[in-house]
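**Student:** My questions all concern the structure below.
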Amino acid sequence: MSSSPIRRIAISTGGGDAPGLNAVIRATVLAAENRGWECWGVRDGYQGVLAPEQYGGEGLVRLNRARVSGIAHLGGTILGTTNHGDPLRYPVNQPDGSVREVDRGDELVARLRGLDIDAMVAVGGDGSLAIAYELAKRGLRVVGVPKTIDNDLERTFMTFGFDTAVSFATECLDRLHATASSHHRLMVVEVMGRNAGWIALHAGMAGNAAVILIPEIPFEIGRVADHIRRREKKGRLYTLVVVAEGAKPVGGAVTMQGGAPGQADRLGGIGEIVGRDLEALIGRETRISVLGHLLRGGSPTSFDRLVALRFGAAAVRALEAGHSSVMVSLEPPHVRYQPLEAAVGRMKVVSLASDTVATARDLGICFGD
Ligand code: F6P
């Protein structure tokens, strides 16, 4: 707890964008202004502080009521974001072309202090919140706000961005349903979600998929094929198959795509493999769609907007109450605070004992197990 008064706060958005980020920014700024605090936005995660020269010296932007007017419904983040430039492992190019990682965490905290920033609202997923936790240990007053379309963050019922991603994936499944049923085809849809199956499970159920493959339940392709054959015997000559990008066969590994030079490998490609294998096993024409980053864009649903607005305002209330190193969290119907330490370092995956999975099984949905 810190009792020193706050006059000026900053907000940063880090990691992959998610619908609702701008709503968090708006609520944070308005709640801060209503308390007479100044609010500044850091450009591109922490880049605006660590490399202000990239922004002509304007690495922080003053955020006020006018600047955040009419943004709550917009996807992306007006501040920009990055999944590079971790201040604790900051990449520095070496003369020989290699990259060395240096810890600039203390420097970041000192620079923020030099800018008279009293506290930080850090909006991000597990990576950004782990950084926020470390910065808090080094003396920064910080409140985290959980964001990710993947919904894989511990200690919050839901992250904002997830509902928008699920809604869009469901709409895509509805559209694909038309072609699947008209052409009697197998339609395989790969969705994001990293190593958690939340998007696949929720969208697959809402969108009438007969097969849902998620990382939490390694699949056997033969069992999936058997399930589709049984459907066909009953006259259902088309099938929607939803595959989470992190889904893997029993005893197998997740499928990765090689990143560009200097970038990490990314998940992706399992939809193609599942589609090709099923076409060979069933002998039915198959099409594969990868929704990818389409799931991250677009206008946040009203649910995500409201959660994001509540999170932004709650972050300011937490700072006002003297909290630091906490994350706002949704515990329906409440927004509460959780220690950052407890929220990072563990992934929230689909519980096989959940009623959602039980419901899917009751509906006859096949998980390939
Ligand atoms: O964490 C959000 C997410 O969209 C994941 O679902 C996906 O695996 C990853 O980010 C993609 O990251 P990038 O935008 O770097 O390709």
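**Student:** Per residue, how large is the accessible surface of the stretch 1-139? Use a 1.4 angstrom probe and give square angstrom. Kindly include the intermediate steps, with their values, before the conclusion.
**Tutor:** Details: 6110 Å² over 139 residues.
Per-residue value: 44 Å².
**Student:** With N set to the residue count of the stretch 201-271, report its C-alpha Rg divided by 2.2 N^0.38 Å to two decimal places. Intermediate results must be reported in sequence, preceding the final value.
**Tutor:** Values: Rg = 14.5 Å, N = 71, 2.2 N^0.38 = 11.1 Å.
After normalising by residue count via 2.2 N^0.38 Å, the value is 1.30.
**Student:** Right, here's the next one. Using Stokes-Einstein with the Kirkwood hydrodynamic radius over Cα pairs, what translational diffusion coefficient do you get for the chain at 10 °C and a viscosity of 1.306 mPa s, in µm²/s rounded to a whole number? Please report the intermediate quantities before stating the final value.
**Tutor:** Details: Rh = 21.6 Å.
Taking Rh from Cα pairs, D becomes 73 µm²/s.
**Student:** Could you give me D for the stretch 162-296, from Stokes-Einstein at 25 °C and 0.890 mPa s, where the hydrodynamic radius is the Kirkwood radius over C-alpha pairs? Units µm² s⁻¹, please.
**Tutor:** Working: Rh = 14.8 Å.
Translational D for this selection: 166 µm²/s.
**Student:** To the nearest 500 deg cm²/dmol, what mean residue ellipticity at 222 nm is calculated for the chain from DSSP H runs of n ≥ 4 alone, each contributing -39,500 (n - 2.57), summed and divided by the residues?
**Tutor:** -10500 deg cm²/dmol
**Student:** Could you point to the residue in Leu237, Gly222, Thr255 farthest towards the positive end of the stretch 217-274's charge dipole, with +1 and -1 charges on the Cβ of Lys/Arg and Asp/Glu respectively?
**Tutor:** Leu237
**Student:** While we're on this one: Between the stretch 45-64 and the stretch 286-356, what's the alpha-carbon centroid distance in Å?
**Tutor:** 26
**Student:** What distance in nm separates the two pseudo spin-label positions at Asp106 and Thr179, each 7 Å out from Cα along the beta-carbon direction?
**Tutor:** Taking the simple label geometry, Asp106 and Thr179 are separated by 5.7 nm.
**Student:** Moving on to the next point. Only Cα pairs under 8 Å and at least 6 apart count here; give the relative contact order of the chain as a rounded whole percent.
**Tutor:** 22
**Student:** Here's a follow-up. Mean shadow of the stretch 43-130, computed from the convex hull of its alpha carbons, in nm²? Don't jump to the answer; show the numbers that get you there.
**Tutor:** Numbers: hull surface 28.8 nm².
Result: a mean projected hull area of 7.2 nm².
**Student:** Rounding to the nearest 20 debye, state how big the charge dipole of the chain is about its Cα centre with +1 on each Lys and Arg Cβ and -1 on each Asp and Glu Cβ.
**Tutor:** The calculation lands at about 680 debye.
**Student:** How large is the accessible surface per residue of the stretch 162-296, computed with a 1.4 Å probe and reported in Å² as a whole number?
**Tutor:** I get 44 Å² per residue for this part.
**Student:** Next question, about the same structure. Percent of accessible area on the chain owned by carbon and sulfur, 1.4 Å probe? Walk me through the numbers before you get to the answer.
**Tutor:** Numbers: 7880 of 15800 Å².
Here carbon and sulfur together make up 50 percent of the probe-accessible area.
**Student:** Now a separate question. Just order 58-64, 21-27 by mean Cβ neighbour count inside 10 Å, highest at the front, would you? Walk me through the numbers before you get to the answer.
**Tutor:** Numbers: 58-64: 17.1, 21-27: 26.9.
The most tightly packed comes first, giving 21-27, 58-64.
**Student:** Volume per residue, Å³, of the convex hull around the alpha-carbon atoms of the stretch 327-369?
**Tutor:** For the stretch 327-369, the hull spanned by Cα atoms encloses 94 Å³ per residue.
**Student:** For a Förster distance of 35 Å, can you work out the FRET efficiency between the beta-carbons of Gln263 and Ser299, rounded to the nearest 0.05?
**Tutor:** 0.75
**Student:** Let me ask something additional. Leu363 to Gln94: extension gain in nm, 0.36 nm per residue of separation minus the Cα-Cα distance?
**Tutor:** Extra length available between Leu363 and Gln94 comes to 91.2 nm.
**Student:** Continuing with the same structure: Peptides 13-20, 127-134, 300-307: what's the order by average Cβ count within 10 Å, highest mean first?
**Tutor:** So the order, starting with the most tightly packed, is 13-20, 127-134, 300-307.
**Student:** Ranked highest first by average number of other Cβ atoms within 10 Å, how do 354-365, 205-216, 233-244 line up?
**Tutor:** Values: 354-365: 13.2, 205-216: 23.3, 233-244: 20.0.
Per-residue Cβ counts within 10 Å, averaged per peptide and sorted highest first, yield 205-216, 233-244, 354-365.
**Student:** Enter the mean projected area of the convex hull around the alpha-carbon atoms of the stretch 78-196, in nm², rounded to one decimal.
**Tutor:** On the way: hull surface 46.3 nm².
One quarter of the hull surface, i.e. the mean projection, equals 11.6 nm².
**Student:** Would you work out which of Val349, Val211, His334 lies farthest towards the positive end of the dipole of the chain? Charges go on Cβ: Lys and Arg +1, Asp and Glu -1.
**Tutor:** Among Val349, Val211, His334, the one farthest towards the positive end of the dipole of the chain is His334.
**Student:** To the nearest 20 debye, what charge dipole does the stretch 159-265 have about its Cα centre, counting +1 at the Cβ of each Lys and Arg and -1 at the Cβ of each Asp and Glu?
**Tutor:** 580
The values are calculated or read from the model by the stated rules, or taken from the named source; none is laboratory data. Because the structure is predicted, anything quoted here is derived from the model rather than measured. No Cβ is skipped: glycine too gets one built from the backbone with ideal geometry, and neighbour counts run over all protein chains shown. Each accessible area value is taken on the protein alone, full model and side chains, heavy atoms only, with ligands, DNA and RNA left out. Shrake-Rupley method; radii C 1.70, N 1.55, O 1.52, S 1.80 Å.
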